[in-house]
Amino acid sequence: MSSSSWVRKKIQKKFKIRGYALKLDALDEILSFVDRFHGAEDEAIDLLLDHFQFQSQKLGVKSSIIDRDPMRRVITNLLEADDAADEVPSDTYSLSSSCIRVIDAFLVPKFHYDPIKKQFYQHTGPLPIHGQPSAKARLYKDRLLLLLQRVSRDQHFSKPAFDTDMSHYGTCEIAPIQSLVGQAGRRWIMGLISQLEDGHFYLEDLTASVEIDLSRAKTTTGFLSENTIVVAEGEMLVNGIFQVFTCGFPPLEDRSLSLKIVAQHDFFGCGALRKEETLRLEELEKRAVNDMFVILSDVWLDNEEAMEKLETVLDGFENQEVVPSLFVFMGNFCSHPCNLSYHSFSALRSQFGKLGQMIVAHSRLKEHSRFLFIPGPDDAGPSTVLPRCPLPKYLTEELQNQIPNSIFSSNPCRIKYYSQEMVLFRHNLLYRMRRSCLVPPSTEETEDPFEHLVATITHQSHLCPLPLISQPIIWNYDHSLHLYPSPHVIVLADNSEQKAFKYTGITCFNPGSFSNDGTFVAYRPCNQEVELSAL
């Protein structure tokens, strides 16, 4: 019986461990709640505790001694949420449309890491597009601290609690660069590769910088370029140069562990979820077997052949028993760069209107699917700086009037589908990363350039770790390109060959160039299945 003395003691013990003391009336409220879950008392108490901690500030709880009123409100919210979640809509289309949320890059929350308190705190205040010079330095500091706190938990790079004889593959404590002065022997350091002098590369951390020699370095999978953060093993030479013997990216961390560390913080941009909410959404996600996303990149509206291909694709999905939940159209939307020499914006506006008419002609798609538009690197906009704002309203107004289900978002942008997190990015990144590479990538594990690209961005926890001189980024919005905690899916739309690759549990794919090759991707989120398609 759940109201027995052992349940009462268990409740008091669990709350005491988290620093709470319960008044008698609050304890009675909890007992009546736990009584609903016969045989699962432990889970019910943990669920209530997690929910109470999450809501404590909102409830105005300032004391560690808890009375009945805040506890009753928490229990009421829990029971109401449970009843609402049980009312699953029977209409497949209304369900799929309500579970898709698109997050613009300029609305992604920004967090800083405090290395003293070892915790994240959310940035408050305005984020101007034109930042102060300090914002540029802060950009690199935030990237480095993000990876340092991740590496500090890795068993190979954390400091051992006791002095032990470590094997060749044992613990490798990372030393600050400043401590290299006067030290002999091999050391592990971590820092950002920068070119402080022409032709001379340095490794920088928060303490100092040291010139490095990569001529004898053995590298790991990925593109080692300027602006990437690396972990390097080597020794100081008499001339003050750090000779690198082994160089690689900081190790990855499992998504579940990252989520535990950043609990109650919303890094993705659509609200933090409690454990029980995530589990319920995961169950709904598995049951939505009919939902499908169709993703196309390089949809040239001024190219007749490309528009004929697009109509063929829409015809095919119109005749399916269940139409796709979401179509993602990614730029470029014109076969020529829309720069200062481009004088046909009125023609491009009418071409978007024709695309709207084409979609209207497919009545089932218009009614039941949603259409997301993401600009490409050569599309119309104020600049080529990342993140890019949505397509100008002047170009898309006619299409929006015809297709109410259309969404125009930034590049990159994010999609939340039930519990699943997706990041979509349209950039010719593979070519530019290969050009910026300082040493040839290792071929021990793979020779596929796309796999090297995926390894680079996931280990860097950043979508575009290129030098700012090569690809400018708005300093105050660099956080919108972060990949931490690791998302479930990363779409790297590129004009290179169509590819798909699952790396450490992260599904990554490039839908290819639709106008050039007729390639696109059909993605089923219920099982993260990627179907590489082509006309």
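The values are calculated or read from the model by the stated rules, or taken from the named source; none is laboratory data. It should be emphasised that the depicted structure is a prediction, and the values quoted were computed from it without experimental measurement. Positions of Cβ are backbone-derived with ideal geometry, glycine not excepted, and every protein chain shown enters the neighbour counts. The accessibility values were calculated without ligands, DNA or RNA, using every heavy atom of the protein model including side chains. Shrake-Rupley method; radii C 1.70, N 1.55, O 1.52, S 1.80 Å.
What the table below lists for this structure:
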quantity: Whether the stretch 401-472 is rounded, prolate or oblate, judged on the alpha carbon gyration tensor where a/c under 1.5 counts as rounded; calculated: prolate
quantity: Residues of the chain: accessible area per residue with a 1.4 Å probe, Å²; calculated: 48
quantity: Value of relative contact order over the stretch 333-397, rounded to a whole percent, pairs C-alpha under 8 Å and six or more apart; calculated: 44
quantity: Per-peptide average of other Cβ atoms within 10 Å, ordering 297-306, 189-198 highest first; calculated: 297-306, 189-198
quantity: Accessible surface of the chain, 1.4 Å probe, proportion on carbon and sulfur as whole %; calculated: 50
quantity: Global geometry of the stretch 423-535, whether rounded, prolate or oblate, following the gyration tensor of its Cα atoms and the 1.5 cut on a/c; calculated: rounded
quantity: Burial order of peptide ranges 178-186, 236-244 (average beta-carbon count within 10 Å, highest first); calculated: 236-244, 178-186
quantity: Ile116 paired with Thr207, simple spin-label distance in nm, labels 7 Å along Cα-to-beta-carbon; calculated: 1.8
quantity: The chain - percent relative contact order, Cα under 8 Å, separation 6 or more; calculated: 16
quantity: Value of relative contact order over the stretch 221-346, rounded to a whole percent, pairs C-alpha under 8 Å and six or more apart; calculated: 19
quantity: Positive-end residue, the chain charge dipole about Cα centroid, Cβ charges, pick of Met236, Thr278, Pro487; calculated: Met236
quantity: Prolate/oblate/rounded call for the stretch 245-322, Cα gyration tensor, a/c under 1.5 rounded; calculated: oblate
quantity: FRET E, pair Ile469, Val322, Förster distance 35 Å, beta-carbon r, rounded to 0.05; calculated: 0.15
quantity: The chain, helix-only ellipticity at 222 nm - DSSP H runs n ≥ 4, -39,500 (n - 2.57), divided by all residues, nearest 500; calculated: -10500 deg cm²/dmol
quantity: Gain on full stretching of the segment that runs from Glu197 to Lys136 - 0.36 nm per residue minus C-alpha separation; calculated: 20.1 nm
quantity: Gain on full stretching of the segment that runs from Gln12 to Ile261 - 0.36 nm per residue minus C-alpha separation; calculated: 87.1 nm
quantity: Counted charge near Leu492, where neighbours are those whose Cβ lies closer than 11 Å (Asp, Glu -1; Lys, Arg +1); calculated: +1
quantity: Local net charge near Arg72, Cβ-Cβ under 11 Å (Lys/Arg +1, Asp/Glu -1); calculated: -3
quantity: Protection-proxy order for peptides 477-484, 211-218, each taking the mean of Cβ atoms within 10 Å per residue, highest first; calculated: 477-484, 211-218
quantity: Low-density loop positions, GluC sites (Glu not before Pro), the stretch 400-504 - DSSP coil, at most 11 other Cβ in 10 Å; calculated: Glu444, Glu447
quantity: Additional length obtainable on full extension of the chain from Val238 to Glu173, 0.36 nm per residue less Cα span; calculated: 21.1 nm
quantity: Entry for Cα extents along the principal axes in Å (calculated from the structure that is shown) out of (1) 83, 56, 45; (2) 77, 73, 43; (3) 117, 74, 49; calculated: (2)
quantity: Unsatisfied cross-links (Cα-Cα over 23 Å) in the set Lys16/Lys260; Lys14/Lys117; Lys10/Lys286; Lys366/Lys393; calculated: Lys14/Lys117; Lys10/Lys286
quantity: Residue order for Ser470, Ser32, Ser461 - accessible surface, 1.4 angstrom probe, largest first; calculated: Ser32, Ser470, Ser461
